[in-house]
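Working notes, beginning with the structure itself.
What follows draws every value from the coordinates through simple rules; no lab data is involved. Predicted model, so just to flag it, every value in this text is computed and none were measured. Please note: Cβ atoms are built from the backbone with ideal geometry, for glycine as well, and neighbour counts cover all protein chains shown.
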Amino acid sequence: MPEGHSVHRIARQFDRNFVGRRIRASSPQGRFVDGAAVLDGREVEQVRAVGKQMFLLFDGETWLRVHLGMYGAWDFAGEIVVDPTIASANGRMGQTNQRGTDLAVFDSAGENSLASIGAPRRARGHVRMSEQTTGLDESDDAWPPPVVGQVRLRLLTEVTCADLRGPTACELLTPDEVITVISKLGPDPLVVDAAEGEETFVTRAGGKRTPIGLLLMDQTVISGIGNVYRAELLFRHRLNPHTPGRDVPQEVLRALWRDWSHLLVIGVETGQMMTMDDLDPEAYRRAMASRDDRHWVYHRAGLPCRVCGTHILLEEMAHRKLYWCPSCQA
């Protein structure tokens, strides 16, 4: 499932390529025909990302809400003006690490999306904006590009195409309905005031008997955290996933919020869920190139903990995979 950083990156692509432009909308799959008809011919006025959800405002005060869920993705094609904080999905990426060393790296896990660190650039081709980014495909220059697979919604400007596939939610909302949806979400560090967001998270998480491993995934408690960031945040703060939220010291809850804010910014800028700090240049290069080298515990079941050597455990928590170290997080 795309986590919060991916949705913010997708929103930035929409901001650069669709906001201020009049679009054609269709539903090739046929499951959003009425909604597409409402949007067709309208101008995109604004885009917002909150946690794992994205909201597009069209003229006439009509909002499109999209939640990608487990399998959803946006496919972009055509002429794409890339956000300067985003890096190429299938090429080389220049990224300044924590020590200020500029590194050129290649992401073998396909975790990042099409973009450019530095000045905006224009790229012709095809790119998929999701956790399973496939990168550019310049084999077909037809315009508009042919519909491939089950496309719930196609948004098309004169030069850029965005195809939505497999979302959990794709619906039109009124302004009041958007406010209602967002009001039910936990704070997102890139949306709310940092201090206010911290207090909201501490209050909501610290007042519950629910295990902290579940609370971090609860989008009404805090927005944007998924399976990867959940496991890594718990390890970084040496928290047992089964500890009730009310038993987690308040200073630790505050540290979790601030750390999520820190990791989210890194994720948006690099497109990769980098959760290891203070790496030397070569280790950083390896980590940016391979998921296996940029996480403490995620996807490391049965492997020795990077800190203590204990084998990392894998268990199910509310039907989601949870990775953790039984020694460091005892």
*asked:* Can you compute the modelled spin-label distance between GLN150 and SER290, with each label point 7 Å from Cα toward Cβ, in nm?
replied: 3.5
_Cut-off under 5 Å, modelled amide H: who pairs with GLU79 long-range_ = THR160, CYS161
*Using DSSP to define loop residues, name the chymotrypsin sites (Phe, Trp or Tyr not before Pro) in the stretch 1-87 whose beta-carbon has at most 11 other beta-carbon atoms within 10 Å.*
none
*For a label point 7 Å from the Cα of TRP143 along Cα→C-beta, name the residues of the stretch 11-41 whose backbone N is under 19 Å from it.*
14, 16-26, 41
_Placed amide H near HIS311: partners under 5 Å, 5+ positions off or other chain_ = CYS305
*Size of the dipole of the stretch 185-330 about the Cα centre, Lys and Arg at +1 and Asp and Glu at -1 on the beta carbon, nothing else charged, in debye to 20?*
480
*Fully extended, how many nm does the chain gain between GLU282 and MET70 (0.36 nm per residue separation, minus their Cα-Cα distance)?*
73.0 nm
*FRET efficiency for VAL252 and LEU172, Cβ-Cβ distance as r, R0 = 35 Å, nearest 0.05?*
0.30
*Go through the stretch 259-330 and name the trypsin sites (Lys or Arg not before Pro) that are in a DSSP coil and have 15 or fewer other Cβ atoms within 10 Å of their Cβ.*
ARG306
_Over the stretch 259-329 - Rg/Rh using Cα atoms and the Kirkwood inverse-distance radius_ = 0.99
*How much length is gained on full extension from LEU303 to ALA195, taking 0.36 nm per residue of separation minus their Cα-Cα distance?*
35.1 nm
